[in-house]
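A.B. asks: Let me begin by handing over the structure; questions about it come next.
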Amino acid sequence: MLAFAPLGFFPLALLTFALLVHFWTGATPRRAFWSGYAFGLGLFGAGVSWVYVSLHTFGAMPLPLAALATFLFCAFLALFPATAGWLQARIPAQAPVRACLLIPAAWTLIEWLRSWIFTGFPWLSTGYASVGWPLQGYAPLVGVFGLSFISVSLGGMAWLLFRRQRPAVFATAFIAIVAVGEALRHVHWTEPAGEPVSAALLQGNIEQDLKFRPERYAAILATYVRLAESTSAKLIVFPETSIPRFLDRIEPDFLVRLESVAKRNGGDLLLGVPYRTRSDEYFNTVISLGSSPPQAYHKSHLVPFGEFIPPGFGWVLSVLRVPLSDFSRGGHDQPPIAAAGQRIAVNVCYEDAFGDEIARRVREATILANVSNVAWFGDSLAPAQHLQIARLRAVETGRMHLAATNTGITAAIDRDGRVLARLPQFTEGRLEVSAQGYAGATPYARYADWPVVIVSLLILAFAVLVAHRALTR
């Protein structure tokens, strides 16, 4: 867990997986399942404990029920590492093959499954821990799940070195993989597109438990008007649902005032706001105002129970008070928003945890922009983890990533994953940055997760075939 943000000490991930390889090598499928389950329960119990904050502190779920729901969620997530352990143990293989190929392939494949089953929850995928370390260089080639494969494989090599099995071979392989990763960090897969544009990322620091109170509405508008009018940036980015009222219910004078600010600066602003159609559908939306024609992005990957209620779970609303908890999904192939001379691929909140979806949308874009309201998770691990995810998205796509959040972490990230500037959490502020657009496509932006998934499947299939032939001789 300490390998992930906020500490982010990646060598601990290698040590952890070396221990896991030790427990899984020679273990029966049943034993590997339960040791994997214990591993997963510890990882997710510590790493996504912030779910409790959103359920109890801000969702008003009774404490015992919120604690139980958080435990059950972590217990469910732990099934994925457990399944990876069971799967690799079912296939006979020699220790070096198991440690360096079979376990990494099973782990990566199951981790990828976790990213889409039941709409997906790819949080704490192993590859995120490598942000800022040499293995990050592989991200534009193979993405987060490729980094997971390499990380687990290096953990297996470390275990083999400890066991003194072919030390020269595995020490050389270990050093070579790390060295190549570091060299790849200095390769640029994309090129600057046009001149940099001045950008201002707004952080209103609106308390979550007060945000939707009618008596606070005027103060929220005043906060964002003050922040917007005090910048001369050509691109102004507001957080997710920064105005807590449907677009058709916002005072026209307020919208005109914001539009005039953008036009005064010779650019545009992106405003996070709930959007309602005539058929009474509503979306988690980002609209543009300013010099360019009006455009909109509707969030497409929604959060279960937070933004939509799965069929059969309507009773949850009786114990969980979440405003706007049944959004409609936007289209999967929405074009970038053309604003301030750039083509901006907008994504909302935890949409940027889904690398394949970002890769699909970034091909026509020059800049990534994420708008979020992580106030739902208070002073927990979630904002730092979210920033770590955003950094990897920038590296995978070769695009600058702008993150505008309600309470933090608001930041500007360059295409190499460096955080160029950020605002302190839980403060009202405006982050002024120079945003450079980039053009071109990294290999990951072209092919997304499929090469890694296919290679993992082939490794498992080949191992099964070899084991079957050995048994039939």
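A.B. asks: If I take the Cα coordinates of region 27-81 and project them onto the principal axes, what are the three extents in Å, biggest first?
C.D. replies: So the three principal-axis extents are 44, 17, 12 Å.
A.B. asks: Using θ = phi - 60° and the Karplus relation 6.51 cos²θ - 1.76 cosθ + 1.60, list the HN-Hα couplings for region 131-147 in order, rounded to whole Hz, with x at every Gly or Pro.
C.D. replies: 4, x, 10, x, 5, 3, x, 7, 4, x, 8, 10, x, 5, 6, x, 5
A.B. asks: Separate question: What percent do you get for the relative contact order of the chain when only Cα pairs under 8 Å and 6+ apart count?
C.D. replies: Computed value for the chain: 19 percent relative contact order.
A.B. asks: So what are the ³J(HN,Hα) numbers for region 193-198, from phi and the Karplus equation (6.51, -1.76, 1.60; θ = phi - 60°), rounded to whole Hz, Gly and Pro as x?
C.D. replies: After applying 6.51 cos²θ - 1.76 cosθ + 1.60, I find 10, x, 7, x, 10, 6 Hz.
A.B. asks: I need the per residue convex hull volume for region 1-151, using only the alpha carbons, in cubic angstrom as a whole number.
C.D. replies: That works out to 117 Å³ per residue.
A.B. asks: Now, a different point. Can you list, bin by bin at 10 Å, the percent of alpha carbon pairs in region 168-282, starting at 0?
C.D. replies: With 10 Å bins starting at 0, P(r) equals 11, 31, 21, 13, 12, 9, 3, 0.
A.B. asks: Straight-line reach only, C-alpha to C-alpha below 15 angstrom: list the aspartates and glutamates that Lys299 could link to, leaving out same-chain residues fewer than 8 apart.
C.D. replies: By straight Cα distance, Lys299 reaches Glu240, Glu281, Glu307, Asp326, Asp333, Glu351, Asp352, Glu357.
A.B. asks: Helix 63-77 versus the longest principal axis of the chain: what angle, 0 to 90°, nearest 10, using Cα atoms?
C.D. replies: That works out to roughly 50 degrees.
A.B. asks: If amide H atoms are built 1.01 Å from N in the plane of the peptide, which residues on other chains or at least 5 residues away come under 5 Å of the amide H of Phe4?
C.D. replies: Phe9
A.B. asks: How do 285-291, 435-441 rank on mean C-beta neighbours within 10 Å, highest first?
C.D. replies: Packing order, densest peptide first, comes out as 285-291, 435-441.
A.B. asks: Less than 22 Å apart at the alpha-carbon level, and either on another chain or at least 8 residues along: which lysines does that give for Lys234?
C.D. replies: Lys263
A.B. asks: Taking the Cα centre of the chain as origin and charging only Cβ (+1 Lys, Arg; -1 Asp, Glu), how large is the dipole, in debye to the nearest 20?
C.D. replies: Dipole about the Cα centre, nearest 20: 1380 debye.
A.B. asks: What is the Cα convex hull volume of region 400-440 when expressed per residue in Å³?
C.D. replies: 60
A.B. asks: Need one number: nm distance between label points at Ala179 and Val256, each 7 Å from Cα along Cα→Cβ, rounded to one decimal.
C.D. replies: 6.8
A.B. asks: Quote the relative contact order of region 1-89 in percent (integer), defining contacts as alpha-carbon pairs under 8 Å separated by 6+ residues.
C.D. replies: 40
A.B. asks: Take region 372-441, compute every pairwise Cα distance, and split them into 10 Å bins from 0; I just need the percent in each bin.
C.D. replies: In whole percents, the pair-distance histogram is 22, 50, 24, 3.
A.B. asks: Enter the angle in degrees (range 0 to 90, nearest 10) between the Cα long axis of helix 167-184 and the first principal axis of the Cα atoms of the chain, meaning the one along which they spread out most.
C.D. replies: 20
A.B. asks: Let me see the pair-distance distribution of the chain: every alpha carbon pair, 10 Å bin width, integer percents in order.
C.D. replies: All Cα pairs, binned at 10 Å, distribute as 4, 20, 29, 24, 14, 6, 2, 0, 0 percent.
A.B. asks: How long, wide and thick is region 138-205, going by the Cα atoms along their three principal axes, in whole angstroms, largest first?
C.D. replies: Rounded to whole Å, the extents work out to 55, 33, 15 Å.
A.B. asks: Once amide H atoms are built 1.01 Å from N in the peptide plane, which residues 5 or more positions from Gly267, or in another chain, come under 5 Å H to H?
C.D. replies: So Gly267 has HN proximity to Ser291.
A.B. asks: Where the Cα atoms of region 8-47 are projected onto their three principal axes, how long is each span, largest first, in whole Å?
C.D. replies: The Cα atoms of region 8-47 stretch 33, 20, 7 Å along their principal axes.
A.B. asks: Give a residue-ordered list of calculated ³J(HN,Hα) values for region 386-391 (Karplus: 6.51 cos²θ - 1.76 cosθ + 1.60, θ = phi - 60°; whole Hz; x for Gly, Pro).
C.D. replies: Whole-Hz 3J(HN,Hα) from phi for region 386-391: 5, 5, 4, 4, 4, 4.
A.B. asks: What fraction, in whole percent, of alpha-carbon pairs in region 342-402 exceed 13 Å separation?
C.D. replies: Of all Cα-Cα distances in region 342-402, 58 percent exceed 13 Å.
Throughout, read-outs are computed from the coordinates displayed, never taken from laboratory work. Just so it is clear, the model here is predicted, and its values are computed rather than measured. Glycine also receives a Cβ, built like all others from the backbone with ideal geometry; neighbour counts cover every protein chain displayed.
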